[in-house]
Amino acid sequence: MVPAVNPPTTSCHVAVIGAGAAGLVAARELRRSGHSVVVFERGNQIGGVWAYTPNVEPDPLSIDPTRPVIHSSLYNSLRTIIPRECMGFTDFPFSTRPENGSRDPRRHPGHSEVLAYLKDFAREFKIEEMIRFDTEVVRAEPAAKNPKKWRVESRNSGDVSDEIYDAVVVCNGHYTEPRHALIPGIDSWPGKQIHSHNYRVPDQFRDQLVVVIGSSVSGVDISRDIANVTKEVHISSRSTKPETYEKLPGYDNLWFHSTIETVREDGSVVFRNGKTVYADTIMHCTGYKYYFPFLDTKGEVIVEDNRVGPLYKHVFPPALSPGLSFIGLPWQVTPFPMFELQSKWVAAVLAGRVKLPSQEEMMEDTKMFYAKLEASCIPKRYTHLMAELDSQFVYDNWLADQCDYPRIEKWREQMFYNVFKRIQAQSNTYKDDWDDDHLIAEAYEDYVKFTSNKLKNT
């Protein structure tokens, strides 16, 4: 049921943590709803994870808590998994722009094109004037004198600021704190290890035998990238049958295995399928942890086995709503449209135009969701995974309904389904070979409508 929509009654002073895609669209939607906004960005530019750097952390596994943290996890050759038409914000198309002839026009462009798009977005909506760059939030907590407000402590070049806000919106991303595979015998194995967070270019693996743990799209992508210079690459996947052993099409030096059974002091890596290889390097393409070192909720929000909770609809903690919210936690999604819809919801709730259920009702709904996951034998660490291909669009459309905003376009849904079909059928060519030109035409028809409406309103 869609909650009642009322005229705006409240203008809040809101802190947004992070100036990646989620933080940018959150800032736009909050200001559109009449709130005053400060965006805290620890780096010197917008883009978050899309701001590529060739720099990597000195600890290749990113385990050392004292290490200097590099925010971006992009590798040099990375191209988007989903098409640009599908990826963009609903009212700011990620289309090729004739005026920018030097940019990347490919349908699955490289990371620099995504960053350029986000800069276009920030410029169009004058978002940078709300951002404090080179400013790290070191603590965000309920204010001592008024727990319904939030104390935000930030640091810029040694200068510390202590301010009070009506609300905090957390948009710090979740591709910075790596997860690692647990490998029997690893403490005595003599080879090198690295997490994909610190992978940029393949040269360091030249003539090596590399074992890659993880068969996600990005894990396979990186395996192909390094296969051009390595002696051999062996991918270990926990989503395959124990006896799996097959060569990937198009490569003579790239094999697919089941999980690792053990590693040994002589450098060998033994797979559950019975195969043994002698590896120089193990690369963990094993994902990331949600990590909020600055956030003190007095135990109301915790991260347990990579579940951030309890959260109502992945956004609001019932005990601290609406003063605290999270944008961008769900994964395996079309991220930018989802960030946009979550932000519209948060902005409308803070403005008083949309009313949340009671704390008890939100908690009950959240408990029912967790119980459903448990009954379906879905591990806690997959709480924020939109596992079924249609679940994210059910979620997105629910968000849209809360805000009285148009639902996700059918062409966008179908594009998303199609790309994963192509990945399964033609995993090494899907970014450059497609058969849904009719959906591209529908998308561009919508873009024309968007442009026409924009001109009418200027």
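Filtering the stretch 153-170 down to residues that are under 15 Å from Ile131 (Cα atoms) and of a type in the set (A, V, I, L, M), which residue is surrounded by the most Cβ atoms within 10 Å (Cβ to Cβ)?
Val169
Of the residues Pro109, Pro98, Pro93, which single one is closer than 22 Å to Ala400 by Cβ, out of contact with any Gly (no Cβ under 7 Å at 6 or more places or on another chain) and either at pLDDT below 95 or open to solvent by less than 20 Å² (accessible area, probe 1.4 Å) (or both)?
On inspection, the qualifying residue turns out to be Pro93.
Which of the following residues is within 30 Å of Lys372 (Cα to Cα), at pLDDT 95 or above and in contact with a strand residue (DSSP E or B) (Cβ under 8 Å, 6 or more places away or on another chain): Tyr290, Tyr278?
Selected residue: Tyr290, the only one of Tyr290, Tyr278 that is within 30 Å of Lys372 (Cα to Cα), at pLDDT 95 or above and in contact with a strand residue (DSSP E or B) (Cβ under 8 Å, 6 or more places away or on another chain).
Quick test of your reading of the structure: Asn397 fulfils all but one of (1) in contact (Cβ under 8 Å) with a residue 40 or more places away in the chain; (2) open to solvent by less than 60 Å² (accessible area, probe 1.4 Å). Name the failing condition by number.
Checking Asn397 against (1) in contact (Cβ under 8 Å) with a residue 40 or more places away in the chain; (2) open to solvent by less than 60 Å² (accessible area, probe 1.4 Å), the one that fails is (1).
List, please: which pairs have Cβ atoms under 8 Å, are six or more places apart or on different chains, and start with a residue in the stretch 265-284 that is over 23 Å from Ile63 (Cα atoms) and of a type in the set (Asp, Glu) and end with one that is assigned to a strand (DSSP E or B) and open to solvent by 70 Å² or more (accessible area, probe 1.4 Å)?
Taking only residues 6 or more apart or on different chains, the pairs are Asp266/Tyr278.
Going through Ser237, Ser188, Ser216 one at a time, which residue ends up being open to solvent by less than 10 Å² (accessible area, probe 1.4 Å) and not aromatic (Phe, Trp, Tyr)?
From the options Ser237, Ser188, Ser216, the qualifying one is Ser237.
Which residue is most open to solvent (accessible area, probe 1.4 Å), if the candidates are limited to the stretch 123-152 and must be modelled with pLDDT of 95 or more and over 26 Å from the mean Cα position of the chain (by Cα)?
Across the stretch 123-152, the extreme among qualifying residues is Lys149.
Kindly provide the set of residues from the stretch 376-428 that are within 30 Å of Asp225 (Cα to Cα) and of a type in the set (Gly, Ala, Ser), ordered by number.
The answer is Ala387, Ala425, Ser427.
Looking at the stretch 6-52, which of its residues are surrounded by fewer than 16 Cβ atoms within 10 Å (Cβ to Cβ) and of a type in the set (Val, Ile, Thr)?
Result: Thr9, Thr10.
So which of Leu30, Leu74, Leu61 ends up being not in a loop (DSSP other than H, G, I, E, B) and not hydroxyl-bearing (Ser, Thr, Tyr)?
That would be Leu30, the only listed residue that is not in a loop (DSSP other than H, G, I, E, B) and not hydroxyl-bearing (Ser, Thr, Tyr).
For a quick check of your reading of the model, give me the residue pairs whose first member lies in the stretch 53-81 and is open to solvent by less than 40 Å² (accessible area, probe 1.4 Å), whose second is aromatic (Phe, Trp, Tyr) and modelled with pLDDT of 95 or more, with beta-carbon atoms closer than 6 Å and at least 6 apart or on different chains.
Every condition considered, the pairs that remain are Ser72/Tyr52; Leu74/Tyr52; Tyr75/Tyr199.
When you check Leu329 against the structure, is it outside any helix (DSSP H, G or I), open to solvent by less than 50 Å² (accessible area, probe 1.4 Å) and either under 22 Å from Val168 (Cβ atoms) or in contact (Cβ under 8 Å) with a residue 24 or more places away in the chain (or both), yes or no?
yes
Which one of Thr230, Thr262 is among the polar types (S, T, N, Q), in a strand (DSSP E or B) and modelled with pLDDT of 95 or more?
Thr262
The values are calculated or read from the model by the stated rules, or taken from the named source; none is laboratory data. Quantities reported herein were computed from a predicted structural model and do not represent experimental measurements. In this analysis, Cβ positions are derived from the backbone assuming ideal geometry, glycine residues included, and neighbour counts consider all displayed protein chains. Just so you know, the surface numbers come from the protein's heavy atoms only, side chains and all, with ligands and any DNA or RNA stripped out. Shrake-Rupley method; radii C 1.70, N 1.55, O 1.52, S 1.80 Å.
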